[in-house]
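Student: Questions regarding the structure given below will be posed in turn.
The values are calculated or read from the model by the stated rules, or taken from the named source; none is laboratory data. Since this is a predicted model, take the numbers as computed values, not measurements. When we count neighbours, we look across all protein chains shown, and the Cβ atoms used for this are built from the backbone with ideal geometry, even at glycine. We work out accessible area using only protein heavy atoms, side chains counted, and drop any ligands, DNA or RNA first. Shrake-Rupley method; radii C 1.70, N 1.55, O 1.52, S 1.80 Å.
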Amino acid sequence: MQARDPLSRVLYIDLTTKRYWVEDRRDLFEEYIGGAGVAINLLREELPRNADPLGPENVIVFAVGPFNGLYPMASKTVSMFKSPLTGNLGESHAGGRSAIAIRLAGYGAIVIKGASEIPVYLAVHEDKVYFRDARGLWGLRSTHTVGRVLREREPGHGFRTVMRIGRAGEKLVRYACVVVDTYRHFGRLGLGAVFGSKRLKAIVISGRHSIPVEDKAAYRKAYDEILRSIMESGATRKYYELGTSENVLPLNELGALPTRNLKESRFEHAKMISGENLAEKYLGRRVSCAHCPVACIHLAALREPYVQAPYFYKTVFVSYDYEPIYSLGSMLGVGNPEGLLKLLDAVEVFGLDAMSAGVALAWMTEAFERGLITERDTAGVKPSWGDYESYLKALELLVEQPTEFYSALARGTEYAAKIYGGEDFALTYGGNEMPGYHTGPAAHIGYATGARHSHLDSAGYSFDQKMVGKRVTVEEIVDYLIREERWRQVLTSLVICLFARGVYTPQVVINAFKPLGIEYTEDDLMSIGRKIHLLKLGFKLNEGFDLSRLRFPKRIFETPTPHGMLDPSFMDEALKAYRSRIEQELKELAKAS
């Protein structure tokens, strides 16, 4: 690491005592690169074992890496915490201006501990940290309003990030998110609820530091090569043109688009909620994260009439991506694009994880159909496939929790199913609601075994799509998932947007490090990725996660995939093979430590 690089500085903030201090953690950044690698180590250091995820002892870590601020599409920040949804590792990534703001404020990581007695927000302006009274913001209905107030009140325009929670976080919905800048999120695993439990409404971070580069000529050359690859290779073209919503039609044609709580894998209204239709009829503009040339963030312009003023309209910009389209569209049978956009805007207003919220509502609908819950439980809402108006009401009630049923659903689909029944069609993995790919065995094995139970951990959905029509073995799938997840530990330690994974190959990463005065071999990088992966799994096991208790929802065996019907014995064999390999490697790691 370069001597003048501020990346090794870690800012610690204690909300209980209202203290803050900085420590140099060069040791962590030199051994684990940054981002995910440093964050898991800081979490292991600071979090007491078996801590209450919603107690003051939980810890929030934000970490960036050596490529943030230097190379294109190194635009993400990693957050880690103990998840109130799964009870173990919480990890979520967000873009916007978050990574640039933290890096230029002069930090590689921020650790937030304790809890405030009153609602506060943090203003971090380079070396100064301010604990601002947020009682006037607590209880506001919309995260849009909170963001606007903070942008007007705090300095640093153009060099800052604004992270805040909505009512869902305040009400401790276990899958509340943190909204970052405009339309970006720490979406998964409940960081918003952890903010709420600490009475932390928001964080504003700004800075204008520069980042030193040892060999400027070599840096310019490496930068240009990466930028050219991004712009000319076609590796990121789909993210620019239609965004990830381009996936809707291909997955539907393949028979891999979860529909109506995965009772089906094709949606008859897929064309209406496709990226093509949304772009042609609703696209208002595209925006980018800081230091990204791709502009994958697609915003629909939704016109809504004022009730008592004919011919007067307000225009709302709504961000859309594939996963929210799946969870609040096909998964709920919603084929009306304007209804879908209203649902997407509602989760943004309340600060909910769109994916978990959609899967929870899908389970609720089927449970209602089967008579496991009644209108008394749902406070009069009659959820039915495609009825977006009923889902808009349910989302508001889910946040406010006026009945025991909504309080249970606010703790997650798995928790609600244990109380009301319907575990066979509760589509969760390790407590986390499933992503939108019913592509075959590797996708579901990846959801079960991935550190975050996310499709982004190991991309089993991609393997499935490449292997359609071919026979695959348990060993091939397990090898692929572990290898891919370990390389992604390197990318998320740098911290690269995973949309650029096709650009940042091992050799490109090695070449990009050289102008910074850092030498790695491919074996070095793979070794670091393996160690980070095992540290994450070790953390989960220490917090009660049990590989031997992993299960697949019965529903995935009832609906065909592009590989045909999934075989339960094949899937169980894969889990056993994965468990055997990981347990052996954890023993080896413990011996080597």
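Student: What is the sum of charges, Lys and Arg at +1 and Asp and Glu at -1, for the other residues whose Cβ falls under 14 Å from the Cβ of Ala99?
Tutor: Net local charge, Ala99 excluded: +4.
Student: Give the residue from Ala115, Gly207, Ile102 lying farthest towards the positive end of the charge dipole for region 100-235; charges sit on Cβ (+1 for Lys and Arg, -1 for Asp and Glu) and the dipole is referred to the Cα centre.
Tutor: Ala115
Student: For region 149-279, what relative contact order do you get, as a whole percent, if you take Cα pairs closer than 8 Å and at least 6 residues apart?
Tutor: Here the relative contact order equals 16 percent.
Student: Write down the accessible area per residue of region 60-174 in Å², having rolled a 1.4 Å probe over the full set of protein chains.
Tutor: 28 Å²
Student: Classify region 452-593 as rounded, prolate or oblate, taking a ≥ b ≥ c as the square roots of the eigenvalues of its Cα gyration tensor: rounded when a/c is under 1.5, otherwise prolate if a/b is larger than b/c and oblate if not.
Tutor: Here region 452-593 falls in the oblate category.
Student: Still on this structure, please answer the following. Of the labelled options [x] 0.94; [y] 1.12; [z] 1.65, which one gives Rg/Rh (Cα atoms, Kirkwood Rh) as computed for this structure?
Tutor: Recomputing Rg/Rh (Cα atoms, Kirkwood Rh) here picks out [x].
Student: For the chain, with all protein chains present and a 1.4 Å probe, just round the carbon and sulfur fraction of the accessible area to a whole percent.
Tutor: Answer for the chain: carbon and sulfur cover 48 percent of the accessible area.
Student: Right, another one. At R0 = 22 Å, how high is the FRET efficiency between Glu23 and Ala51 if r is their beta carbon distance? Nearest 0.05 is fine.
Tutor: 0.55
Student: On to the next question. What shape does region 307-455 have by the C-alpha gyration tensor, where a ≥ b ≥ c are the square roots of the eigenvalues, rounded means a/c under 1.5, and otherwise prolate means a/b greater than b/c and oblate the rest?
Tutor: The shape class here is oblate.
Student: List the relative contact order of the chain as a percent without decimals, with contacts defined as Cα pairs under 8 Å and 6+ residues apart.
Tutor: After rounding, I find 16 percent.
Student: I would also like to ask the following. Suppose every Lys and Arg Cβ carries +1 and every Asp and Glu Cβ carries -1, with no other charges. What dipole size does region 475-592 come out with about its Cα centre, to the nearest 20 debye?
Tutor: Here region 475-592 has a charge dipole of around 400 debye.
Student: Give me the net charge for the shell around Glu23: Cβ to Cβ below 15 angstrom, other residues only, Lys and Arg +1, Asp and Glu -1.
Tutor: -2
Student: Would you mind pulling out the separation of the Cα centroids of region 19-61 and region 219-238, in Å?
Tutor: Centre-to-centre (Cα) distance: 33 Å.
Student: Rounded to the nearest 20 Debye, what is the dipole magnitude of the chain about its Cα centre when Lys and Arg each give +1 and Asp and Glu each give -1 at the C-beta?
Tutor: 1200 debye
Student: Let me ask another. What is the Cα centroid distance between region 264-321 and region 441-488, reported in whole angstrom?
Tutor: 31 Å
Student: Now for a different question. For region 230-291, state which GluC sites (Glu not before Pro) are in a DSSP loop and have at most 14 other beta carbons lying within 10 Å of their beta carbon.
Tutor: Passing both the DSSP loop test and the Cβ count: Glu268.
Student: Using θ = phi - 60° and the Karplus relation 6.51 cos²θ - 1.76 cosθ + 1.60, list the HN-Hα couplings for region 446-456 in order, rounded to whole Hz, with x at every Gly or Pro.
Tutor: x, 4, 5, 9, x, 4, 9, 6, 10, 5, 7
Student: Where Lys and Arg each count +1 and Asp and Glu each count -1, what net charge lies around Asn247 among other residues with Cβ under 10 Å from its Cβ?
Tutor: Computed value for this residue: -2.
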